[in-house]
1. In region 374-441, which helices (runs of 4 or more DSSP H) lie fully inside it and hold 1 or more residues that are closer than 19 Å to I457 by Cβ and not small (G, A, S)?
2. Only strands (runs of 3 or more DSSP E) wholly contained in region 26-135 count here; list those with 1 or more residues that are among the acidic types (D, E) and farther than 21 Å from Y162 by Cα.
3. Tell me which residues, restricted to region 403-443, are touching a residue at least 24 places away in the same chain (Cβ under 8 Å) and among the small types (G, A, S).
4. When region 476-495 is examined, which residues are found to be part of a loop (DSSP other than H, G, I, E, B) and surrounded by 14 or more Cβ atoms within 10 Å (Cβ to Cβ)?
5. When you look at F581, is it of a type in the set (F, W, Y), out of contact with any Cys (no Cβ under 6 Å at 6 or more places or on another chain), closer than 28 Å to I466 by Cβ and surrounded by 23 or more Cβ atoms within 10 Å (Cβ to Cβ), yes or no?
6. Does T567 satisfy the condition of being of a type in the set (V, I, T), modelled with pLDDT under 80 and open to solvent by 20 Å² or more (accessible area, probe 1.4 Å)?
7. Pick from region 671-693 the residues that are in a helix (DSSP H, G or I) and not hydrophobic (A, V, I, L, M, F, W, C): which of them is least open to solvent (accessible area, probe 1.4 Å)?
8. Tell me whether region 117-131 contains one or more residues that are in contact with a strand residue (DSSP E or B) (Cβ under 6 Å, 6 or more places away or on another chain) and crowded, with 17+ Cβ neighbours inside 10 Å.
Amino acid sequence: MSQLLIEIFSEEIPARMQQGGARDLERMASDAFKKAGLTWDSLTTYGGPRRLTLVVEGLPTATPDLNEELKGPKTSAPAQALEGFLRKTGLTQDQLVERDGVYYAQVSQKGRATTEVVAETLDHIFHTMSWPKSQRWGSGSFRWVRPIHRIIALFDGAVIPYALDLGSTIGGEGKKIIASNVTEGHRFMGAGQPFEVTDFADYRTKLERNFVVLSFEDRKAKVLEGAKAVCAAKGLELVDDIGLLDEVAGLAEWPTPILGDMDPQFLSLPPEVVRLSMKVHQKYFAVRQPGAEGLAPHYVVVANVEAADGGKALAAGNTKVLSARLNDARFFWEEDQKVGFDKWNEKLSGVTFHAKLGTMAERVERIAKLAAEIAPLVGADAAEAEKAARLSKADLASGMVGEFPELQGIMGGYYARLAGQPDAIADAIRDHYKPQGPSDSVPTAPLTVAIALADKIDTLSGFFSIDEKPTGSKDPYALRRAALGVTRLILEVGRPVPLVEMIVPAVIAAHASAHANDGVAVQDAEFKSISRDMHDQIVTDIQRRYSEVVNGWNPYPQEGASTFFETVEEVRATSKELLAFFADRLTVLLRDQGQRHDLVVAVFALGDDDLVRIVSRVEALSGFLATDDGANLLAGYKRASNILKAEEKKGALPSGEVTIGMANQPAEEVALAEAAKAADAAVAKALETEDFAAAMTALAALRAPVDAFFTGVMVNSENKDERDNRLKLLVQVREIMGRVADFGQIAG
């Protein structure tokens with residue numbers, strides 16, 4: 001078995017594209033090798049500032065010989081079918097074998113040299129790999145992320161014959177880059193001359209000697225260890241930043257952390273401003289005193305060289321640049337305090353949120369009304385929630401957020417405190433964007449939760465109302481993230497928060513904005529419901545709550561515009577679609593936590609829109625099915641369900657009370673009827689108190705009677721009365737279990 005070494009050496013690849021490029025290289029190479037029939041022991045890729053590297057261990061020297069029999073058309077098939085089969089196999093008709101009226105082809109193909117496969121794979125990769133941005137250079141037509149200088153292609157120590165054609169040039173032949181065994185080290189600290197390599201071990205060793213750390217993880221470790229060391233030498237502590245660590249590890253082949261100083265006066269700025277200015281513009285790490293919350297007047301910059309003076313000149317130059325950046329930030333900080341929320345909110349009237357959903361000021365109005373609706377559900381004051389919501393987006397018009405969009409909300413919180421607003425309102429403004437991702441913290445203060453829910457639900461309702469929903473892998477408005485944020489907020493609150501009561505008013509307001517701003521009637525959306533029962537429950541629930549959630553507000557006050565009642569079907573359809581979307585998001589969240597997908601579907605099918613209660617049901621159901629009683633009862637349910645489905649095809653199932661005391665009635669039938677009656681009462685009591693574990697315990701009592709019933713009783717008795725009574729009993733069992741979950745949705 002042999003080793004393959006590939007290196008694509010180029011100009012500096014943007015840090016954000018390096019690891020994606022390495023993953024694409026790995027995927028495309030492995031797919032091509034598998035398709036060719038090659039096997040290997042290990043396949044590894046590396047991405048760095050100036051090179052992508054692939055090393056494959058254990059490749060054979062050639063693909064295996066192919067000997068297979070292909071089945072062709074029948075001998076009676078049309079001539080065109082036979083001609084197509086002959087073209088596919090490359091044979092003539094007399095070379096085919098006829099057996100049982102069917103043509104067969106014996107195809108033999110000699111294995112190909114691995115070097116040929118590699119050369120073809122390289123060409124395919126160069127001409128089809130997709131980069132977020134790519135460029136041409138010179139006058140050729142070939143595109144890559146950055147101009148390529150060299151290609152290493154070694155198989156078992158020998159150079160693979162390959163040349164990359166860069167495309168034709170004006171007035172001459174096309175330029176080519178010919179594969180070799182030569183690469184280069186660090187641009188400044190290396191030997192200054194290209195050098196040859198023989199295999200991967202030699203390649204990696206010589207790169208290290210020429211100040212190139214090949215592995216991304218090794219560069220990250222070098223940055224982190226070096227940064228902590230220079231901080232510790234001055235009695236300081238590094239402020240961790242995983243995102244920045246990933247980025248700087250892609251900026252330097254030989255990362256060298258250096259501690260720099262900054263003017264202490266800049267520490268009067270909010271620490272988020274200082275950190276973001278250092279991170280976004282300069283790629284510096286923040287520093288603090290050990291155990292302190294605030295920042296220290298220092299920073300860590302990662303250089304790409306080891307300077308003779310220990311980095312003093314580099315640090316001094318970086319300090320000047322940082323001071324200029326922070327002076328700009330201080331200017332915005334001071335000027336913003338002269339403006340205030342009223343003027344910022346006025347500016348939002350001229351900022352378009354979306355062409356079909358109006359301005360940012362109109363969005364703030366929607367969020368404020370919705371926050372007041374939501375506040376009582378999460379234990380917050382409605383008036384306070386409405387006030388906080390009206391201030392929540394004002395900082396988008398501030399100078400600081402205009403310069404640093406990442407500080408939205410954070411700056412609003414600071415400015416609110418400076419304006420004398422209560423801490424609860426300032427905190428709500430600061431944290432209402434949270435959670436912004438699966439790793440982000442979830443706020444728990446009731447006022448903050450109310451604003452955060454209103455903000456995310458308005459976004460979801462708005463874009464669903466104008467039919468701008470996620471499709472496949474595309475989600476330009478981050479609606480999946482918003483729905484996950486709503487789900488996490490509700491689960492963190494841990495109290496009943498019906499989704500319908502939040503969604504309906506938001507959808508009404510969104511439809512109002514859509515009609516008011518573009519004049520186009522929104523068509524009824526197609527929607528997916530988890531089950532018919534859930535669909536009907538939502539329709540009924542929405543109809544019941546219209547008068548409660550609208551509070552007399554007419555979303556179409558313009559003369560001649562549609563009335564509220566003409567939008568009922570649109571609101572109903574969008575609301576149901578949104579609830580189904582939340583079901584999908586909750587399913588994803590619980591699946592990530594180890595819960596089964598089918599259990600979530602089974603509980604959601606009941607039509608409940610309280611996420612906290614749904615999760616409790618799923619957890620109880622999961623525990624129940626993990627027991628022998630649960631597993632066996634599920635099997636009994638499916639058997640009963642199959643019998644009832646077969647009977648339903650013949651006509652309506654018998655209805656009415658189950659009779660006990662019939663002539664010659666089997667003891668197993670009587671026992672199940674009595675157990676079902678007891679379970680019915682026990683389940684009803686448990687569900688009323690939301691004790692779902694007790695509901696499962698009540699169902700467990702049915703397991704033995706159900707098993708005995710199917711063992712000792714013939715359901716399809718020739719006696720109609722007996723058959724009807726037994727079918728009624730099975731219907732009763734199915735209905736009792738169906739009040740806990742739709743067991744028909746659960747995999748056996």
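1. 382-392, 423-431
2. On the way: elements: 42-47, 51-59, 66-74, 97-99, 102-109.
Strands (runs of 3 or more DSSP E) meeting the threshold: 66-74, 97-99.
3. Within region 403-443, G409, A416, A419, A424, A428, G437 qualify.
4. Y477, A478
5. no
6. Criteria not met by T567.
7. Let us first name the residues in region 671-693 that are in a helix (DSSP H, G or I), namely 671-688, 692-693.
Filter again for not hydrophobic (A, V, I, L, M, F, W, C), leaving 674, 677, 680, 685, 688.
Working: E674: 107, K677: 150, D680: 55, K685: 148, E688: 154 Å².
Ranking the candidates gives D680 first.
8. Filtering region 117-131 for residues in contact with a strand residue (DSSP E or B) (Cβ under 6 Å, 6 or more places away or on another chain) gives 126.
Still in the running and crowded, with 17+ Cβ neighbours inside 10 Å: 126.
So far as region 117-131 goes, yes, one or more of its residues are in contact with a strand residue (DSSP E or B) (Cβ under 6 Å, 6 or more places away or on another chain) and crowded, with 17+ Cβ neighbours inside 10 Å.
The values are calculated or read from the model by the stated rules, or taken from the named source; none is laboratory data. Because the structure is predicted, anything quoted here is derived from the model rather than measured. Every residue, glycine among them, receives a Cβ derived from its backbone with ideal geometry; neighbour counts consider all protein chains shown. Heavy atoms of the whole protein, side chains included, go into the accessibility calculation; ligands, DNA and RNA do not. Shrake-Rupley method; radii C 1.70, N 1.55, O 1.52, S 1.80 Å.
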